[in-house]
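Student: The structure's right below; bear with me while I get my questions together.
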Amino acid sequence: MSATKTWNTVSDNPRPEHEAIDGETVDIQEQFSNGLDYPGDPSGDASETAGCTCAVAVQVTGPAEEDTGS
């Protein structure tokens, strides 16, 4: 099983830095290119996180179910 996360801007007036990574997808364990793990990540500067309305979408994928051949 694996998982990825995608950064999504949802504001009509996002920060330019956030608009630049809109749609960026990384492995669930990785940081986005702006150094944050997710929108509003408290490890980031207030200039990156305060009032941020961006969202993150998580996609989990796994092996296809095998036919057990009843």
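The values are calculated or read from the model by the stated rules, or taken from the named source; none is laboratory data. Because the structure is a prediction, the values reported are computed rather than measured. Virtual Cβ from ideal backbone geometry, glycine too; neighbours counted across all protein chains shown. Each accessible area value is taken on the protein alone, full model and side chains, heavy atoms only, with ligands, DNA and RNA left out. Shrake-Rupley method; radii C 1.70, N 1.55, O 1.52, S 1.80 Å.
Student: Which one of 47, 33 is within 12 Å of the chain's Cα centre (by Cα), more than 19 Å from residue 61 (Cβ to Cβ) and among the small types (Gly, Ala, Ser)?
Tutor: Testing whether each residue is within 12 Å of the chain's Cα centre (by Cα), more than 19 Å from residue 61 (Cβ to Cβ) and among the small types (Gly, Ala, Ser) leaves just 33.
Student: Sort through 25, 6 and tell me the only one that's open to solvent by less than 50 Å² (accessible area, probe 1.4 Å) and polar (S, T, N, Q).
Tutor: Among 25, 6, only 6 is open to solvent by less than 50 Å² (accessible area, probe 1.4 Å) and polar (S, T, N, Q).
Student: Taking the stated definitions as given, is residue 58 open to solvent by 70 Å² or more (accessible area, probe 1.4 Å) and in contact with a Lys or Arg (Cβ under 6 Å, 6 or more places away or on another chain)?
Tutor: Considered against the rule, which asks whether it is open to solvent by 70 Å² or more (accessible area, probe 1.4 Å) and in contact with a Lys or Arg (Cβ under 6 Å, 6 or more places away or on another chain), residue 58 comes out as yes.
Student: Moving on. Being buried (at least 16 other Cβ atoms within 10 Å of the Cβ), of a type outside the set (Gly, Ala, Ser) and free of Cβ contacts under 8 Å to residues at least 24 places away in the same chain is true for just one of 12, 41. Which residue is that?
Tutor: 41
Student: Check off (1) in contact with a Gly (Cβ under 6 Å, 6 or more places away or on another chain); (2) over 13 Å from residue 9 (Cα atoms); (3) modelled with pLDDT under 95 for residue 36 and give me the number that stays unchecked.
Tutor: Every condition holds for residue 36 apart from (3).
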